[in-house]
Amino acid sequence: MFAALSQYMKSLKYTSLAQSSDASDGSTTRLQIHTFRFFNSRRLVILAATILFVLLLASFHFASPNGLPSVSQGWPSGPEHQNVTSDVDWSRFAYTQYATNTKYLCNSIMLFEILHRLGSKADRLLMYPSGFKISSPGSDGESKESLLLRKARDEYHVKLSPIEVVQRSSNDRKLPGVSGDKNNELLLIEGEATWAESYTKLLAFNQTQYHRVLNLDSDSTVLQTMDELFLLPPVPLALPRAYWLPFDDRVMSSQVLLIQPSKFEFDRNLKAIETAGSSDYDMEIVNNLYRDNAMILPHRPYDMLTGEYRNTGVHKNYMGSEEEPFDPEKALKEAKFLHFSDWPVPKPWTPPTREILEQKKPECIKEKRTNATDCRQQQMWLGFYSDFARRRKAILLLNIQ
C-alpha cells in the first residue's frame, strides 16, 4: 500500500501559475512560477506514511491475542444481552465445579442445571471424588452420588473428571500437595476437612485442556449467564473485590475465579498450599499470590451476597457510593451471581431453626415521608432460600440431608 501511494505521488505533474502586472510604461511582464499542485509532495508522502503506520499500530493493539475476539466485540451491550458472539470456539472454555462430598455435589449440579437452562455456551466440568462410582441406569441399590452424576452428564451435558482425594496424617504439615496424576489428584490432610477441601478449588488452575475456566462457589445461585467473562483480555486470574470488607484492605473474593490454567500457575498455587497456615484457605492463597496482578471484576453484577438484603441501612459498599440509592428489585435484576452468606443463618441446604429465621431475617423498612412499610428486602431474602430449597428437591428429585 505504501509503495503504491509513493508511486502515485511521484506521478503528480507540475503546473504553472501565471501572474500579470501592468508596468508604468504600459509593457506587460509575465512571470511563470512552477510549483506543485500540493505545496510539497515529500511532506505529503511522509504524512500519508505516518497515518498508515498509526492505523497498522492500532489494528495490532486492538486485536485480541490467541485468536480471541476483542472486548468490544465480546462484551455485552446490556443486561439483556445473551449471545455474546457467534464465532467463538466455546469448547476452549468451561465452567468448573468441584465436590468433595454428596451435599456439595448436589449444589454443583444445581448450578449446572441453571447454566443449562440459561443456554450458556461454554463447557461444564465437574471434578468429583473417584470414590463416587457411576452405576448403569436401573442398577439395584444405585447410590445418590451415581444418580446425581448421571443426571449431570446426561441432562446437563457436564463433563465428569474424577479426582483422588487422598487422606494424610494430620502430623504431615507439608501437605496437601500433589502426587500421581497431577491433573486429578490432590492430597488433603485428615481431620481438617473444611480447611483441606477449600484447596480442591485450586485444581481449576491445572485444567489445561481449556484456555480459560470460570470457577463458581456452589453455595450460590447463577442469575444470568456469565459467558462474556471468557472473552476478557488474557490474564492468569480475574476475580471481584470482597466489597463487604474494608476497601483499603484490598481483599479479593474467591467466590468467582476466572482462571487461565497453566502448569506454571498451578505449581505456584501448590507451593503456596504447602506453606499455608492452619487458618489460610483458598481466599488467602489467591490474595497472597495475585493481589498486585489480578484483573478485578466488578462485583456489580458478578458477586452479590444475600446478606446485602439483610442490610436495611447503608449500601455504600455494594453500590459504590452513598449517592446512588439501593433499589432491591433493580439490584437483583442487575446481578448475575448471588452468593449465600448470612452468618449465623446456616447455608441454604441446612434449614434454619424458626428462632434463627425470625431473629435474622431482614426487617421491613418504614418510609420516612409516606410512613409506608417496605418489606421487599425481607420478602426477596426469604425467597432466595425458599427458591433454593424448591430447586434442590423438585429439580434434582432428591432430598439429600
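Rolling a 1.4 angstrom probe over the stretch 251-394 with all protein chains present gives an accessible area of which 51% lies on carbon and sulfur atoms. The mean sequence separation of alpha-carbon pairs under 8 Å and at least six residues apart, normalised by the residue count of the stretch 291-375, gives a relative contact order of 29 percent. Taking every protein chain into account, the accessible area of the stretch 241-328 amounts to 48 square angstrom per residue (probe 1.4 Å).
For the stretch 252-265, the Karplus equation 6.51 cos²θ - 1.76 cosθ + 1.60, evaluated at θ = phi - 60°, returns couplings of 9, 8, 9, 6, 10, 10, 9, 10, 9, x, 6, 4, 4, 5 Hz by residue, with Gly and Pro reported as x.
Loop-located trypsin sites (Lys or Arg not before Pro) in the stretch 297-401 (DSSP state not H, G, I, E or B) with no more than 10 neighbouring Cβ atoms inside 10 Å: Lys368, Arg369. These residues, Cys375, Cys106, go from largest to smallest accessible area, 1.4 Å probe, as Cys375, Cys106.
Per-residue Karplus couplings for the stretch 213-223, computed as 6.51 cos²θ - 1.76 cosθ + 1.60 with θ equal to phi - 60°, are listed in order as 10, 10, 9, 10, 4, 7, 7, 8, 10, 8, 9 Hz, Gly and Pro entered as x.
Close amide H pairs (under 5 Å, H built 1.01 Å from N) link Arg124 with Tyr95, Lys159, residues at least 5 positions away or on another chain. Phi-derived couplings, Karplus 6.51 cos²θ - 1.76 cosθ + 1.60 at θ = phi - 60°, listed residue by residue for the stretch 224-232: 8, 4, 10, 3, 4, 5, 5, 9, 5 Hz, with x used for Gly and Pro.
The values are calculated or read from the model by the stated rules, or taken from the named source; none is laboratory data. This structure is a prediction, so every number in the text was calculated from the model and none was measured. Please note: Cβ atoms are built from the backbone with ideal geometry, for glycine as well, and neighbour counts cover all protein chains shown. When the accessible area is computed, the model is the full protein with side chains, heavy atoms only, and any ligands, DNA or RNA have been set aside. Shrake-Rupley method; radii C 1.70, N 1.55, O 1.52, S 1.80 Å.
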